[in-house]
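Encoded as structure tokens, the structure appears first; notes follow it.
The values are calculated or read from the model by the stated rules, or taken from the named source; none is laboratory data. Note that this is a predicted model, so its numbers are computed, not measured. Note that each Cβ is placed from the backbone with ideal geometry, even for glycine, and that neighbours are counted across all protein chains shown. Keep in mind that these areas ignore ligands, DNA and RNA; they rest on the heavy atoms of the full protein, side chains included. Shrake-Rupley method; radii C 1.70, N 1.55, O 1.52, S 1.80 Å.
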Amino acid sequence: MKRGFAVIFFFLAIAVPAQAAWDVRPDAPPEDFAAFHQRFSGDVYHYPRHGAAPLGLIGFEVYADVAVDQDFGDEPFVETVLDDDPTGDLLAIGRVGVRKGLPGGIDLGVAYGRALEGDLKFLSADIQYAIIKGGPLTPALSLRVTGTRTLDSDVYDLDQYGGELLLSKGFTVLTPYIGGGVVHSKGTLNRTIGPELEESDTQGIVYAGVTLNLLLPKITVEVEKADVIQGAIRVGFGF
């Protein structure tokens, strides 16, 4: 349990303002900006990192998570779109958030996130409806809708909306799940000279994960694919 608290406190540090190591350049070339937007918007998507069963009226979860795109810094657009190189050539996206169960098999969630070592911050929200709530012998199936928007950005603005189907089956302490859907992302580059640039991208997303339910904490590991494959881990508390 002590390790779980240490991990979540580490992740919660992303909510504290820090000196940014990199940001998007206002003079980024259009073709390179389009490539950056496609890659970044897929990495920053608000994946579930939990199963399809509803939390229930008294259920809630508080969590912190991080997702890592290991080869982000190897892309050619890094030199022309970012004003500094990501450490270790990876892009890490951290979030802290909360989910709350409501009547009728509905869950609501909201999260604050940032690109670690970067100056891009964002707010995400989601609503999930359990089509099949699941039980001891049956899986759960849910429809999930998400939205993400950048916060306090002077150069790069992201508006993103997605929809998914999520399937899971709970066992004693393990809940494996899979899902997929589509996400639409609009990126705007506010240039210092000339009109702003806009790029829109629609892409499919798929993911699979498993939650180890220790109550305090819950630990989830997820593999995700939009433009590229990335991995994520979540530490959560609740019931």
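Accessible area of the chain with a 1.4 Å probe: how many percent of it is carbon plus sulfur?
66
Summing +1 for each Lys or Arg and -1 for each Asp or Glu, what net charge is found among the other residues whose Cβ lies under 9 Å from the Cβ of Y63?
+3
Give the residues of the range 206-229 whose amide nitrogen is closer than 15 Å to a point set 7 Å from the Cα of F239 in the direction of its Cβ.
213-218
If you line up the long axis of helix 2-12 against the longest principal axis of the chain, both from Cα atoms, how many degrees apart are they, to the nearest 10?
40
What translational D, rounded to a whole number of µm²/s, comes out for the chain from Stokes-Einstein when the hydrodynamic radius is the Kirkwood one over Cα pairs, at 10 °C and 1.306 mPa s?
For these conditions, the coefficient is 87 µm²/s.
State the dimensionless ratio Rg/Rh of the range 164-211 (Rg: radius of gyration of Cα atoms; Rh: Kirkwood radius).
Here Rg/Rh amounts to 1.34.
So for D74, D43, D32, what's the accessible-area order with a 1.4 Å probe, most first?
Output order, biggest surface exposure first: D74, D32, D43.
Using 0.36 nm times the number of residues separating D85 and V182, minus their current alpha carbon distance, what extension gain do you get?
Separation in residues times 0.36 nm, less the Cα-Cα distance, equals 32.0 nm.
Compute the length gained on full extension between Q203 and D74: take 0.36 nm times their separation in residues and subtract their Cα-Cα distance, giving the result in nm to one decimal.
44.3 nm
For a test of the definition: using alpha carbon positions, the gyration tensor, and the 1.5 limit on a/c, classify the range 34-93 as rounded, prolate or oblate.
prolate
If you average the alpha carbon positions of the range 59-116 and of the range 180-230, how far apart do those two centres end up, in angstrom?
Cα centroid of the range 59-116 versus Cα centroid of the range 180-230: 8 Å apart.
Students often get this wrong: which residues of the range 59-91 have the backbone nitrogen under 19 Å from the point 7 angstrom along Cα-to-C-beta of D27?
77-85
Quick one: 3J(HN,Hα) in Hz for the range 105-116, Karplus 6.51/-1.76/1.60 with θ = phi - 60°, rounded, Gly and Pro as x.
Those phi angles translate into x, 10, 10, 10, x, 9, 8, 10, x, 7, 7, 4 Hz.
On full extension of the chain, what length is gained from D159 through K225, given 0.36 nm per residue of separation minus the C-alpha to C-alpha distance?
Here the answer is 21.8 nm.
So what's the back-of-envelope 222 nm ellipticity for the chain, counting only DSSP H runs of four-plus at -39500 (n - 2.57) apiece and dividing by all residues, rounded to 500?
About -3500 deg cm²/dmol.
Please compute the per residue accessible area over the chain with all protein chains in place, 1.4 Å probe, rounded to a whole number of Å².
It amounts to 46 Å² per residue over the chain.
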